Amino acid sequence: MRTGLDLQEKEVRASTPDPLTRRMLVSQLAGFYDPIGLASPIKQRGVMLVRESFQDTGKDRPAKDTWDEPLSQRLREAAITLFEQYVRLGQVRFDRCLTPHGALGRPMGITFSDGSEASYGAVLYLRWETAQGKVVVKLVESKAKLAPLDQKGDVIKAELCGAVFETRLKTYFEKHCHVKVDRWIHLVDSQTILGAIQKDSYGYQTFFANRIGEIQKARPVDTWRWVEGKENIADLITRGSTPEDPAEGSVWQEGPAFLKLPVENWPVKTAREIISSVSEEIRGIQRKAFSAAVTASGAPFWKCPAIVALVKLVEPKRLSSLTRLCGAVGWLKRAVDTWLGRYTQIPDCLKWEERAYLSAGERATAFKFLALEAQDGTKFCNTTLDRLVIQRDDLTGLFVCGGRAQCWDEDKVAVPLIPCQSWLATLLVKEAHEANHEGIAATLLRTRKKAWITQGRKLVQKVLNKCITCTKRRAFGTHPRASPFEFTTLDLFGPFEVKDTVKQRTTKKVWGIVYCLYGL
């Protein structure tokens, strides 16, 4: 077909080979050169047709074996219609001057994105104000891509990928275009995506976390807005269009009509206005491990108020050693159990006078008592609960965790969650550090064998800075009588006449200096 320079629309059908193979169809589409996406809606229509042609072969046959097989009559007619539209597209003109006559100041950058089961994409416009009191909107570029087949029925993923394209279009424009933008506004028609962008990315499933993280890294999230679907021009990309849609003076080339209104009159909403209505949808794309992270269980807990009161009798801050603190709580608990008659009811338990020491189990129970007292009245922030796999122990009522969500192993033993401001956290760090006086990472790793301390790195750094032993190890030795290269001698030689490499008649006098550095 691409043999003549002035192929007419009426000549397309007669020039189309019969049979028309997939190789021929792809060859024609490969000649569609549109590097900045001015005609993305029309091009996407052809890309969708190519994928449909390969889907038509069936799942049992490899695609590589069907390149030279003829298309079905239905697909051939669709291809001919597409070729005729491409011929008409040659009559469409795009104004490539991004700065209108009489432009005032810097423009506003506006991006739209949309996604569907078939494709997703984004488009970028510049909004100028002119000296004539008019608002001129210029199409800059667009980008589109087919949605993966395995995401069919999951439009929210395509919507998010379109939002990522908004980010990339803006980055590409700032890198390669000399026009400086005064302000950016990014529009999506999915309230779920707008709400999800406002939250930290690490609380989401991997697919969403990676893309939301890219969006948050590129720009402030307060520049994003929600716009109604009928006002979203990027919808043309997701469903394809005819050459008449992007013609001169069309909505595609000049943007939606509301862009020419004052910004405060735009039919858009901020994240604050819609976040409450999409909280349930946002939870649907977060990690499933968090849904039952802090739910209460029907199993009987230890009586937390009594345990907290028992620990406070010891006055933990009077003791500067975790071992001594656990011992004090353990002995006090044994005394209470004996006084209440519960100690003798424990199986295989020796009499008080026959056991003059605390068992490992009693010390472990004392540590759990201390952890309960540390958690009492503490409200952990949502970022902590999102990053860690938190659950509540059925017996003790302790909040325990197994580490960060991406490293979670179901066979791993969970440890209590300890707030960094508690005295127990300080004693844990001191005990871990005094074992070998190691650095921050090693000390933090030792503490996590017993408990997970929130903001543990800051607490470890604070303890290390106060460690006298480590301070002595870092002490400087005696300074030498003279530091290296304290004395310097100079040897000046010259002058020499040198010629310029360009102007051969020009000469210049130069000297050389030799520096000799030495110490005693």
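The values are calculated or read from the model by the stated rules, or taken from the named source; none is laboratory data. From a predicted model like this one, the values you see are computed outputs, not experimental measurements. Counting neighbours? That spans all protein chains shown, and the Cβs are built from the backbone with ideal geometry, glycine included.
What to note about this one:
- Residues of the range 307-350 that turn out to be modelled with pLDDT of 85 or more and under 13 Å from ALA371 (Cα atoms), as a count: 5
Matching residues to (1) within 25 Å of the chain's Cα centre (by Cα); (2) at positive phi; (3) not charged (D, E, K, R):
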| residue | (1), (2), (3) |
| --- | --- |
| TYR204 | yes, no, yes |
| ASN210 | yes, no, yes |
| ALA218 | yes, no, yes |
| THR223 | yes, no, yes |
| ASP245 | no, no, no |
| GLU248 | no, no, no |
| TRP252 | no, no, yes |
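- For the range 164-205, filtering for residues that are in contact with a strand residue (DSSP E or B) (Cβ under 8 Å, 6 or more places away or on another chain), among the hydroxyl-bearing types (Ser, Thr, Tyr) and closer than 14 Å to ALA271 by Cβ leaves 1.
- THR454 at pLDDT below 90 and either surrounded by 12 or more Cβ atoms within 10 Å (Cβ to Cβ) or assigned by TED's automatic domain parsing to the domain that holds LEU398 (or both): yes
- In this structure, LEU395 does not satisfy being at pLDDT 80 or above and farther than 30 Å from PHE208 by Cα.
Table: residues versus (1) farther than 29 Å from ASP376 by Cα; (2) assigned by TED's automatic domain parsing to the domain that holds ALA366; (3) in contact with a Ser or Thr (Cβ under 6 Å, 6 or more places away or on another chain); (4) at pLDDT below 90.
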position	(1), (2), (3), (4)
ALA432	no, yes, yes, no
VAL460	no, yes, yes, no
ASN465	no, yes, no, no
PRO480	yes, no, no, yes
ASP500	yes, no, yes, yes
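- Just one of the listed residues (ILE233, ILE185, ILE193) is assigned by TED's automatic domain parsing to the domain that holds LYS260, within 26 Å of GLY46 (Cα to Cα) and modelled with pLDDT of 90 or more, and it is ILE233.
- Of all residues in the range 110-167 being in contact with an Asp or Glu (Cβ under 9 Å, 6 or more places away or on another chain), among the polar types (S, T, N, Q) and without any contact (Cβ under 8 Å) to a residue 60 or more places away in the chain, the one that is surrounded by the most Cβ atoms within 10 Å (Cβ to Cβ): THR167
- Qualifying residue in the range 285-302 (condition: surrounded by 13 or more Cβ atoms within 10 Å (Cβ to Cβ) and at pLDDT 80 or above): yes
- Once the range 221-269 is narrowed to residues that are in a helix (DSSP H, G or I) and of a type in the set (Ser, Thr, Tyr), the residue that is surrounded by the fewest Cβ atoms within 10 Å (Cβ to Cβ) is THR223.
One line per residue, one yes/no per condition, for (1) under 22 Å from THR223 (Cα atoms); (2) of a type in the set (Asp, Glu); (3) at pLDDT 90 or above:
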residue: MET48; (1), (2), (3): no, no, yes
residue: TRP67; (1), (2), (3): no, no, no
residue: LEU71; (1), (2), (3): no, no, no
residue: GLU84; (1), (2), (3): no, yes, no
residue: LEU89; (1), (2), (3): no, no, no
residue: MET108; (1), (2), (3): yes, no, yes
residue: LEU126; (1), (2), (3): yes, no, yes
residue: LYS143; (1), (2), (3): yes, no, yes
residue: GLY153; (1), (2), (3): no, no, no
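- Number of positions in the range 238-271 that are modelled with pLDDT under 90 and among the hydrophobic types (A, V, I, L, M, F, W, C): 2
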